[in-house]
Amino acid sequence: MADDHEMVNEFVGKEIDRLDGYKVTYQAKNGKDLIEQLQYNYLPDLVILDMDMPVMDGRATAKWFRKNYPEIPIIALTTYDSEVLTIMLIQLGVRGVVTKDMRIHDLKRAIETIARNEFFFSNQRLVNLLKPTTKDILLANNISLNEKELTFLKLICCDLCYKEIAQQMELSVRTVEKFRDALLAKLNAKSKTGLVTYAIKKGIVSKDDY
């Protein structure tokens with residue numbers, strides 16, 4: 001596991017060691033530290049990553065594991081439950097997401113669920129959002145997006161607020177909000193999460209963009 005907070009590492013590590021059948025083999029302060037500790041003839045069965053770490057954060061570390069050891073499942077630790085972040089983590093191959101205000105039995109449930117080769121997310125409906133549907137295929141065949149619409153979708157996938165998107169697109173916040181509403185109607189989406197899901201499904205943003 002990797003977390004830059006020593007107390008979290010120590011507490012969670014001890015609790016995992018108390019679980020029947022599990023033992024923490026590596027504890028690191030960031031992703032780079034974790035990778036450097038790995039003994040390639042003794043790889044872990046599961047990795048727990050804090051998303052917000054210095055030097056090499058959880059997202060970058062998950063990318064590294066996806067490229068080098070895609071068979072090793074990952075649980076992401078986050079400080080807040082963001083639907084956009086969760087969707088992106090699913091695309092990175094993360095098998096579970098738990099928040100840091102969890103109780104230890106929630107983490108135990110996450111570990112046991114992933115050990116069964118299943119997924120564990122605080123918001124399970126997000127997993128289904130990424131499954132292609134007939135409606136998605138029809139939308140892909142009948143809808144074209146202009147350059148500004150594509151730019152907006154790419155920016156919204158970066159989990160930026162509308163003020164930040166407005167600054168990058170050199171528009172007012174009110175104009176961006178109107179732009180968002182028009183795009184929601186055009187794509188038959190109900191929320192920001194729907195727009196992000198559409199962009200990821202259609203390849204408007206790739207896994208390497210986040």
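The values are calculated or read from the model by the stated rules, or taken from the named source; none is laboratory data. In this text the structure is predicted, and so the values were computed from the model without any measurement. Note: ideal-geometry Cβ built from the backbone for every residue, glycine included; neighbour counts use all protein chains shown.
Scanning the range 53-109 for residues that are hydroxyl-bearing (Ser, Thr, Tyr) and surrounded by fewer than 16 Cβ atoms within 10 Å (Cβ to Cβ), which turns out farthest from residue 6 (Cα to Cα)?
Here the residue is 69.
Does the range 167-174 contain at least one residue that is modelled with pLDDT of 85 or more, surrounded by 16 or more Cβ atoms within 10 Å (Cβ to Cβ) and either in contact with a helix residue (DSSP H, G or I) (Cβ under 9 Å, 6 or more places away or on another chain) or closer than 20 Å to residue 86 by Cβ (or both)?
There is at least one residue in the range 167-174 that is modelled with pLDDT of 85 or more, surrounded by 16 or more Cβ atoms within 10 Å (Cβ to Cβ) and either in contact with a helix residue (DSSP H, G or I) (Cβ under 9 Å, 6 or more places away or on another chain) or closer than 20 Å to residue 86 by Cβ (or both).
Tell me which residues, restricted to the range 65-91, are outside any helix (DSSP H, G or I) and either in contact with a Leu (Cβ under 6 Å, 6 or more places away or on another chain) or modelled with pLDDT of 80 or more (or both).
69, 70, 71, 72, 73, 74, 75, 76, 77, 78, 79
Search the range 178-201 for residues that are aromatic (Phe, Trp, Tyr) and pair each with any residue that is crowded, with 16+ Cβ neighbours inside 10 Å when their beta-carbon atoms are under 7 Å apart and the residues are at least 6 apart or on different chains.
179/152; 198/187; 198/189
Which of (1) part of a loop (DSSP other than H, G, I, E, B); (2) closer than 30 Å to residue 203 by Cβ is the odd one out, the single condition residue 4 does not satisfy?
Every condition holds for residue 4 apart from (2).
Here are 146, 117: which of them is at pLDDT 75 or above, more than 16 Å from the chain's Cα centre (by Cα), closer than 26 Å to residue 65 by Cβ and loosely packed, with under 12 Cβ neighbours inside 10 Å?
117
Any residue that is part of a strand (DSSP E or B), at pLDDT below 90 and of a type in the set (Ser, Thr, Tyr) - is there at least one of those in the range 41-50?
yes
Look through 98, 84, 94 and report the one residue that is out of contact with any strand residue (DSSP E or B) (no Cβ under 9 Å at 6 or more places or on another chain) and within 25 Å of residue 156 (Cα to Cα).
Of the residues listed, the single one that is out of contact with any strand residue (DSSP E or B) (no Cβ under 9 Å at 6 or more places or on another chain) and within 25 Å of residue 156 (Cα to Cα) is 84.
Based on this model, can you work out whether residue 21 counts as small (Gly, Ala, Ser) and either assigned to a helix (DSSP H, G or I) or within 16 Å of the chain's Cα centre (by Cα) (or both)?
So residue 21 fails the test.
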